[in-house]
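Taken together, the values in this text are just the output of simple stated rules run on the coordinates, not laboratory data. On a predicted model such as this, the values are computed, not experimentally measured, just so you know. Because the Cβ atoms are built from the backbone with ideal geometry, glycine has one as well, and the counts that use them run over all protein chains shown.
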Amino acid sequence: MENRVEELRKAKSMSQEEFARAIRVSRQTVSSIETGKYNPSLELAFTIADFFDQTIEEVFLHERGEKQ
């Protein structure tokens, strides 16, 4: 699943460490989310979306399979 976490974090001029502290996770978790290696739990996704004052759909971009 693609996401806009890095883009939104940088728009706030925050480091991964600062953002991680703000949402109470490790910097490694933030890095893994930003690179798409880890999909956050629904609770964490809501926390991230709320932090950026966005909806989950605006932050996390789900790609549906092509219909045939």
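Helix-only mean residue ellipticity at 222 nm, the chain, DSSP H runs n ≥ 4 weighted -39,500 (n - 2.57), per residue, nearest 500. What is it?
Rounded to the nearest 500, the figure is -14000 deg cm²/dmol.
Order the peptides 46-52, 36-42 from the highest to the lowest mean number of other Cβ atoms within 10 Å of their residues.
46-52, 36-42
Taking the Kirkwood radius as the inverse of the mean 1/r across Cα pairs, report the Rg/Rh of the chain.
0.99
Just add up the charged neighbours of residue 36: K/R +1, D/E -1, any other residue whose Cβ is under 15 Å from the Cβ of residue 36.
-2
Relative to the present Cα-Cα distance, how much length would full extension add between residue 15 and residue 31 at 0.36 nm per residue of separation?
Length gained between residue 15 and residue 31: 4.7 nm.
Below 8 Å, C-alpha to C-alpha, sequence gap of six or more: please give me the relative contact order for the chain in percent.
Answer for the chain is 42 percent.
Segment 2-68: which GluC sites (Glu not before Pro) are DSSP loop and have at most 13 other beta-carbon atoms within 10 angstrom?
63, 66
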